[in-house]
Amino acid sequence: MTGAIRAKAIKVGDNIDTDVIIPGRYLIYTDPETLGKHCFEPIMPDFYQRSKELGGVIVVAGKNFGMGSSREQAVVALKGAGVKAVVAESFARIFYRNCINQGLPAVAVKGISEAVEEGDEVEVDLEGGKVRVYDKEGNLKKEFDVPKLPPSLLEILESGGLVPYLKKRLAVEGK
C-alpha cells in the first residue's frame with residue numbers, strides 16, 4: 001500500500017466479538033453503509049456517527065479482537081462505518097484474514113491499547129512497518145515497530161480486497 005493511513009482513534013476493549021461488531025439481526029443486509037450504521041451498536045451506539053463526523057477512524061482494540069463467529073460482514077460493517085484500519089493487541093485468526101480479504105488493514109501491536117487515548121491520532125505505515133501514536137496536539141507520543149506485510153498481502157489491500165485483486169490479476173493474464 002502506498003503511503004501511511006492516519007486518523008483519529010476510537011478505542012474498544014478486549015475480547016470484542018463479531019456479534020458486537022455487527023449484531024446478528026443485521027446480517028440480512030449486504031450493503032456496507034447499512035451494516036456500518038449498526039457497527040458496535042451494543043457497546044457504542046453512536047460509533048457510526050462519530051466515525052463519519054471524523055472522516056473515518058482507526059479502531060484501537062485490546063486482545064482477541066474479532067473473536068467468535070467468522071462472519072465477513074463484521075469487516076464489511078467496519079468499512080461501511082468509515083474505519084480505515086484496525087490496530088489491536090491481538091486478533092482472532094480468521095477475523096484477521098477476513099480483514100485482509102476485504103481490504104481493511106489490520107495490525108497487531110503489543111502495548112497499543114495502553115499507549116492510545118481516545119481522540120489521539122494513529123498512523124499505520126504498512127510498508128515501513130511502523131505504527132505511530134500522536135497526541136491531541138499532533139505531537140508524536142509513541143512509535144511501534146511492527147512486522148512488514150509481505151508484498152502479496154500489500155497488493156491485496158491496495159486492490160481493495162481479495163476479489164478485486166484476483167479480478168485485476170485475471171485481467172492482466174487475459175483470462
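Just so you know, all these numbers are worked out from the coordinates, no wet-lab data involved. All of these numbers come straight from a predicted model, not from anything done at the bench. For neighbour counting, all protein chains shown are included, and Cβ atoms are generated from backbone atoms with ideal geometry for every residue, glycine included.
Assign one of three labels to region 24-89, namely rounded, prolate or oblate, based on the Cα gyration tensor with a ≥ b ≥ c the square roots of its eigenvalues; rounded applies when a/c is under 1.5, prolate when it is not and a/b is larger than b/c, and oblate otherwise. Write down the numbers at each step before the final one.
Details: a/c = 1.60, a/b = 1.03, b/c = 1.55.
The shape class here is oblate.
Compute the separation of the alpha-carbon centres of region 59-89 and region 161-175 and state it in Å as a whole number.
25
Just check region 5-149 against the gyration tensor rule for me: Cα atoms, a ≥ b ≥ c as the square roots of the eigenvalues, rounded for a/c under 1.5, and otherwise prolate or oblate depending on whether a/b exceeds b/c.
Values: a/c = 1.80, a/b = 1.42, b/c = 1.27.
Prolate shape, in that a/c is at least 1.5 and a/b is the bigger ratio.
Hey, what number do you get for the chain at 222 nm if only DSSP H runs of n ≥ 4 count, each worth -39500 (n - 2.57), divided across all residues, to the nearest 500? Walk me through the numbers before you get to the answer.
Working: 8 runs with 58 residues, N = 175.
-8500 deg cm²/dmol, from helical runs alone.
When we measure straight from the Cα of K167, which aspartates and glutamates land under 20 angstrom away, once same-chain ones fewer than 8 places off are left out?
Counting by Cα, and skipping residues close in sequence, K167 has these aspartates and glutamates nearby: E72, E155, E158.
Report the label-to-label distance for V163 and D145 in nanometres (one decimal), using points 7 Å from each Cα along the Cα→Cβ vector.
Going from the V163 label point to the D145 one covers 3.9 nm.
Mind checking which lysines have their Cα closer than 18 Å to the Cα of K142? Skip sequence neighbours fewer than 8 apart in that chain.
Straight-distance partners of K142: K8, K11, K110, K130.
Would you grab the residues whose amide H sits under 5 Å from the one on F91? Only those 5+ places off in sequence or on another chain, please, with H modelled 1.01 Å from N.
HN-HN under 5 Å from F91: N64, F65.
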